[in-house]
Amino acid sequence: MNRRDTLRGLLAGAAASVLAACDKLTLNPVVQQGLAMAEGLTRRAQRLVTDRTALAQEFTRADISPDFRANGSTNPGDPDYRALAATNFADWKLVIDGLVERPMALTLADLRGLPARTQITRHDCVEGWSAIGEWTGARLGALIDRAGLKPEARYLVFHCADTLDPNAPGDRGRYYESIDLIDARHPQTILAYDMNGAPLSVKHGAPLRLRVERQLGYKHAKYLMRIEAVADFAHISGGKGGFWEDRGYEWYAGI
Ligand SMILES: Nc1nc2c(c(=O)[nH]1)N[C@H]1C(S)=C(S)[C@@H](COP(=O)(O)O)O[C@H]1N2
Ligand SMILES: [Mo]
């Protein structure tokens, strides 16, 4: 064995004993309580240092990427989506339902009439690329105020039109995402219908996509069909709050 293998062996052994220790520790209710308290403390400490309402950096028009890459679904083949795209989304409506006082269905014209925001921001994908673009859209905070969230609502689930994994059973291959109400009410969180001053193209999520600027790329759901307010997302698709989360990505992808 060379030195690296020896080290690897030692580390694996150490990890195994830590795991074993954790297993035993978690059986002890007193220790479990202690751990829960410690977690609460770290969460509170983290809240003090990371201001979740802080704005993401904004850029100038000169910074806009000449070639903003498109990723994931770029031209959904789902028949319902194809039919809507064929008439340039004239028949498309965004449904807002779930735990809201006033469920609604909004056309693009309705959305364009709502309080809007334009911002030039950087999109960061976990695959290791970034691009800067200008986004205009309806402010999600104002929209959920119109719909009126019920007190039990804790998350918004974004249901998309595209099937990214055709081999997944049932509807499990359909893209979806979810965010909490802090991100939903963040001033830079918008439902974008324009990109770089023109209507959103199909590859970037036409007719409407989420921009949630304090989060990584996969949270920015494209091809929006429905926003559902929920108390909990365990019953939706794979139960982890998003297409990629169901496949192992972090739910909270804050940047
Ligand atoms: N509906 C849907 N939304 C999606 C995806 C997708 O495949 N389908 N991919 C995500 C990922 S991983 C990224 S990086 C961005 C890419 O957005 P873009 O195509 O505009 O660059 O969209 C996100 N939103
Ligand atoms: Mo991504």
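Bear in mind that the values in this text are calculations on the coordinates, not laboratory data. This is a predicted model, so every value here is computed, not measured. Positions of Cβ are generated from backbone atoms using ideal geometry, with glycine treated the same way; all protein chains shown enter the neighbour counts.
Descending by average beta-carbon neighbour count within 10 Å, the peptides 84-97, 198-211, 231-244 line up as 198-211, 231-244, 84-97, the highest first. For segment 100-164, rounded, prolate or oblate, judged on the Cα gyration tensor with a ≥ b ≥ c (square roots of eigenvalues), a/c < 1.5 rounded, else prolate if a/b > b/c? Since a/c reaches 1.5 and a/b is larger than b/c, the shape of segment 100-164 is classed as prolate.
Between N167 and E127, how high is the FRET efficiency from 1/(1 + (r/R0)^6) when r is the Cβ-Cβ distance and R₀ = 25 Å? Nearest 0.05. Computed FRET efficiency for N167 and E127: 0.75.
Taking a ≥ b ≥ c as the square roots of the eigenvalues of the Cα gyration tensor, segment 131-249 is oblate, since a/c reaches 1.5 or more and a/b is not larger than b/c. Taken as Cα centroids, segment 91-126 and segment 188-208 sit 10 Å apart, rounded to the nearest whole angstrom.
When the Cα positions of H186, I132, G113 are compared along the charge dipole of segment 112-187, G113 comes out farthest toward the positive end, with charges on each C-beta of Lys, Arg, Asp and Glu.
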